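> Pasting a structure below so you can have a look.
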Amino acid sequence: MQALVFLVDAVVSFFCTLFLLRFMMQAMRVSFAGQIGDFVVKLTNWAVKPLRRIIPGLGGFDWASLFAALAIQLLLSALLVGISGQVISADAGTVALMAGWFAIRTLLRLAVYILIGALILQAVLSWINPYSPLAAPAHQLTRPLLDPIRRIMPAISGIDLSPLVAILLLQAVLMFL
């Protein structure tokens, strides 16, 4: 049973990451023209396109992608509670509230991990291959996070420490979540 839970959790986490990445890429105006954008769009269209008929994008945000991530995370929470076989003594409203909070917290943590991964990718690519096809999307995804830090803390002797500061701040956010 643990192997089944592991596999389901891995698949759900993979698709949640893709849905969140699609939401974040659109929110931060990252181009979907490259390989990463094409990969994300092709693997998430099965859920996002039908949801867009019901949930329109407002304010420049792709709410259908965010809803898809939340929905499959809620389904995973319900599945895990059902598989555990534990009798829950609370009423249905409390259980739904707990599952909702767990799903939202998990999505927030996943979004922070996406940003940390993009920051690390951007830093490594700046040393190894700054003209990689992954460099532009990573830069566009992290720019809104790094620009305010760069205004406060400029580069020292040509070395930009803003990604390090951003990762430390994101780690602090993870501690609160």
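> From the C-alpha gyration tensor of the stretch 2-176, pull out the three semi-axes of the equivalent ellipsoid (sqrt of 5λ each), sorted largest to smallest, in whole Å. Mind dumping the intermediate values first?
Numbers: eigenvalues 215, 79, 47 Å².
After scaling each eigenvalue by five and taking roots: 33, 20, 15 Å.
> What Kirkwood hydrodynamic radius do you get for the stretch 96-173 when you take the inverse of the mean 1/r over all pairs of distinct Cα atoms, in Å? Don't jump to the answer; show the numbers that get you there.
Values: mean 1/r = 0.0729 Å⁻¹.
Hydrodynamic radius (Kirkwood, Cα only) of the stretch 96-173 equals 13.7 Å.
> Any idea what Rg and Dmax come out to for the stretch 25-117 if you just take the C-alpha atoms, in Å?
Over the stretch 25-117's Cα set, Rg and Dmax evaluate to 15.9, 50 Å.
> Okay, next question. Measure nothing fancy, just the Cα-based angle from helix 35-54's long axis to the longest principal axis of the chain, in degrees from 0 to 90, nearest 10.
Helix 35-54 sits roughly 40 degrees off the main axis of the chain.
> Still on this model: Please determine, in degrees from 0 to 90 and to the nearest 10, the orientation of helix 135-152 with respect to the longest principal axis defined by the Cα atoms of the chain, where the helix direction is its Cα long axis.
Compared with the principal axis, the helix lies near 70 degrees.
> Counting other beta carbons within 10 Å of each Cβ, put 19, 102 in order, fewest first. Intermediate results must be reported in sequence, preceding the final value.
On the way: 19 29, 102 16.
Least crowded to most crowded, the residues run 102, 19.
> Same structure, new question: Taking the beta-carbon count within 10 Å as an exposure proxy, list 176, 14, 32 from fewest neighbours to most.
Working: 176 6, 14 11, 32 14.
Result, fewest neighbours first: 176, 14, 32.
> Still on this structure, please answer the following. Could you put 38, 62 in order, starting from the residue whose Cβ has the fewest other Cβ atoms within 10 Å? Could you put the intermediate results ahead of the total?
On the way: 38 11, 62 23.
Listed from fewest to most nearby Cβ atoms, that is 38, 62.
> Turning to a different aspect of this structure: If you build a Gaussian network model of the chain, linking Cα atoms that sit under 10 Å apart, which residue out of 104, 149, 159 swings the most?
Checking each option, the largest mean-square fluctuation is seen for 159.
> Can you give the helix-only mean residue ellipticity at 222 nm for the chain, where every DSSP H stretch with n ≥ 4 adds -39500 (n - 2.57) and the sum goes over all residues, rounded to the nearest 500 deg cm²/dmol?
On the way: 6 runs with 138 residues, N = 177.
-27500 deg cm²/dmol, from helical runs alone.
> Only Cα pairs under 8 Å and at least 6 apart count here; give the relative contact order of the chain as a rounded whole percent. Walk me through the numbers before you get to the answer.
On the way: 144 pairs, mean separation 41.8, N = 177.
RCO, the chain: 24 percent.
> With an 8 Å Cα cut-off and a minimum separation of 6 or more residues, compute the relative contact order for the stretch 43-138 in percent.
Relative contact order here is 19 percent.
> Relative contact order for the stretch 8-75: what percent, with Cα pairs under 8 Å and sequence separation of 6 or more?
Details: 59 pairs, mean separation 29.8, N = 68.
Result for the stretch 8-75 is 44 percent.
Readers should treat all values here as calculations from the given coordinates under stated rules, not as data from a laboratory. Since the structure is predicted, the reported quantities are computational estimates derived from the model, not experimental observations. No Cβ is skipped: glycine too gets one built from the backbone with ideal geometry, and neighbour counts run over all protein chains shown.
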